[in-house]
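Engineer: Encoded as structure tokens, here's the structure I'll be asking about.
The values are calculated or read from the model by the stated rules, or taken from the named source; none is laboratory data. This one's a predicted model, so the numbers in the text were calculated from it and none came from an experiment. Virtual Cβ from ideal backbone geometry, glycine too; neighbours counted across all protein chains shown. Surface accessibility is based on the protein's heavy atoms, side chains included, excluding ligands, DNA and RNA. Shrake-Rupley method; radii C 1.70, N 1.55, O 1.52, S 1.80 Å.
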There are 2 protein chains.
Amino acid sequence: MTNEDFMRAAIMEAEAGMRAGRGGPFGCVVVRRGEIVARGSNRVTSTNDPTAHAEVTAIREACAKLKTFQLDDCELYTSCEPCPMCLAAIYWARIPRVFYGNTRSDAAAIGFDDDFIYQQIPLPPEQRAIAMRPLLRDEAQGAFREWADKNDKVRY
Amino acid sequence: MTNEDFMRAAIMEAEAGMRAGRGGPFGCVVVRRGEIVARGSNRVTSTNDPTAHAEVTAIREACAKLKTFQLDDCELYTSCEPCPMCLAAIYWARIPRVFYGNTRSDAAAIGFDDDFIYQQIPLPPEQRAIAMRPLLRDEAQGAFREWADKNDKVRY
């Protein structure tokens, strides 16, 4: 299968999910060594899970199937440029290569907040549309010191 | 309960999760009308889920419990400034107010990538550490046009 075939599989997920009423028009596949290991479509509204975007859904499924929390030998094909949540999830999953169809501007044009959130992320916390306030940093530091000293920790 | 009490509950989640070997030293609670409705700690390594950060875990649990995909009447308390994945999840969940303990720099100091990912998100796709390539935008547009015309869609 070619890159285009995998992208068409992601687009098919987007269309099928939307038509089945599972959520927005977004689909994704995760590919490993030339084979699709996981598929995802947006399921936000049907599962009451605002994090159930196509990419997050596919990454969670790929990790469950491969029994790992790192997909550094995988590629991700998504029918739309990932939103910041999904993009950061891709970084955390160590996926080195991403193909995308629609852009964040295309998503904005049909009413999605991806572009707005891209503009919010780089702002200092106090300038965001969400009120963000630091609190009890001194007490929160304890867990971090304990982690730094922990001998049996599993890094990620 | 005060704001400080809720933050201490989040810190307790961080410590308990780390000590139980569930994942990194991060904890979170979601509060609605003065009551904790969901708790989360990082479970990345123990559940093979790179998206199972404390905030995502708590948001998913709060939404499941309240049977909604929007938490616009909730506050979130997290033991560390949310990473971009969690911050964007907070936007998608419409949570209007966030309290945080440690900062992204504190997280970087004990080996976590939060700050690196914050630097990556605003870059143009072609300048990121992850290879990102547009593909078949014309074909991907079909699902978006269909969504725009869809009469029975559930917006989020």
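Engineer: Going by the conditions given, is A:PRO50 facing chain B (nearest Cβ under 7 Å), over 22 Å from B:GLN120 (Cα atoms) and open to solvent by less than 10 Å² (accessible area, probe 1.4 Å)? I'd like the intermediate steps shown before the answer.
Structural biologist: Numbers: facing chain B (nearest Cβ under 7 Å): yes; over 22 Å from B:GLN120 (Cα atoms): yes; open to solvent by less than 10 Å² (accessible area, probe 1.4 Å): yes.
Yes, satisfied.
Engineer: Give me the strands (runs of 3 or more DSSP E) completely within the stretch B:66-156, filtered to those with at least 3 residues that are closer than 29 Å to B:VAL37 by Cα and more than 7 Å from every other protein chain (Cβ to nearest Cβ), ordered by residue number.
Structural biologist: B:74-80
Engineer: Among the residues of the stretch A:13-30, write down those that are open to solvent by 40 Å² or more (accessible area, probe 1.4 Å), within 9 Å of another protein chain (Cβ to nearest Cβ) and either outside any helix (DSSP H, G or I) or in contact with a strand residue (DSSP E or B) (Cβ under 9 Å, 6 or more places away or on another chain) (or both). Before the answer, list the steps.
Structural biologist: Within the stretch A:13-30, the subset open to solvent by 40 Å² or more (accessible area, probe 1.4 Å) is A:15-16, A:19-22.
Checking the rest, the ones that are also within 9 Å of another protein chain (Cβ to nearest Cβ) come to A:15, A:19, A:21.
Across the stretch A:13-30, the qualifying residues are A:GLU15, A:GLY21.
Engineer: Consider A:THR57 against the criteria (1) in contact with a helix residue (DSSP H, G or I) (Cβ under 6 Å, 6 or more places away or on another chain); (2) of a type in the set (Ser, Thr, Tyr); (3) within 23 Å of B:ASP113 (Cβ to Cβ): it satisfies all of them except one. Which criterion is unmet?
Structural biologist: Looking at each condition in turn, A:THR57 falls short on (1).
Engineer: Continuing with the same structure: Tally up the residues in the stretch B:1-12 that are at the interface with chain A (Cβ under 7 Å from one of its Cβ atoms) and crowded, with 22+ Cβ neighbours inside 10 Å, please.
Structural biologist: The number of residues fulfilling the criteria is 2.
Engineer: Now for a different question. In this structure, does A:PHE69 turn out to be touching a Pro at 6+ places or on another chain (Cβ under 6 Å) and modelled with pLDDT of 95 or more?
Structural biologist: Judged against the criteria, A:PHE69 is a match.
This table checks each residue for (1) buried (at least 19 other Cβ atoms within 10 Å of the Cβ); (2) at positive phi; (3) of a type outside the set (Asp, Glu); (4) within 24 Å of the chain's Cα centre (by Cα).
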site: A:ALA109; (1), (2), (3), (4): no, no, yes, yes
site: A:PHE116; (1), (2), (3), (4): no, no, yes, yes
site: A:GLN119; (1), (2), (3), (4): no, no, yes, yes
site: A:PRO122; (1), (2), (3), (4): no, no, yes, yes
site: A:GLN127; (1), (2), (3), (4): no, no, yes, no
site: A:PRO134; (1), (2), (3), (4): no, no, yes, no
site: A:ALA140; (1), (2), (3), (4): yes, no, yes, no
site: A:ALA143; (1), (2), (3), (4): yes, no, yes, no
